[in-house]
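Structure, as structure tokens:
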Amino acid sequence: MRVEFDRDTCIGMYQCVAEWDGFEKDADAGKAVLVDGEETEDGVFSREIPEDAEFDAKFAARSCPVDAIRVYDDDGEQVV
């Protein structure tokens, strides 16, 4: 599974940080940061999700009030 995070869409509610340690607060910018995320396009970061963190990553995506987080399965289909 892979997570994709649109940092430009993020409004800094930090719900994702509370749900999964794959996200951290960037208090200076007022936005979350995808830990170990690689920028794939302007403002969009992506990384693989460890198997033992899939549930938490999905929950983090569901908790985002502005849908800045998307989760994709191994076939590239969006699941959240």
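The values are calculated or read from the model by the stated rules, or taken from the named source; none is laboratory data. Only a predicted model underlies this, so the values are computations on that prediction, with no experimental measurement involved. Please note: Cβ atoms are built from the backbone with ideal geometry, for glycine as well, and neighbour counts cover all protein chains shown. Surface areas here come from the heavy atoms of the whole protein model, side chains and all, with no ligands, DNA or RNA. Shrake-Rupley method; radii C 1.70, N 1.55, O 1.52, S 1.80 Å.
Quick notes
- Once all protein chains are placed together, V79 keeps about 70 Å² accessible to a 1.4 angstrom probe.
- Cα-centre dipole for the chain with unit charges at Cβ (Lys and Arg positive, Asp and Glu negative), debye to 20: 420
- For the pair D67 and E54 in one chain, pulling the backbone fully straight at 0.36 nm per residue adds 2.9 nm over the alpha carbon distance.
- Nearest 10 degrees, 0 to 90: helix 54-63 Cα axis against the chain principal axis: 50
- Computed with a 1.4 Å probe on the full set of protein chains, the accessible area for M13 sits at about 110 Å².
- Taking the protein heavy atoms of the chain in the context of the full set of protein chains, the accessible area attributed to carbon and sulfur is 41 percent at 1.4 Å.
- P(r) weight above 18 Å for the chain, C-alpha pairs, percent: 29
- Filtered GluC sites (Glu not before Pro), segment 27-80: DSSP coil and at most 15 other beta carbons within 10 Å: E77
- Counting charges near D42 (Lys, Arg +1; Asp, Glu -1) among other residues having Cβ under 11 Å from its Cβ returns a value of -3.
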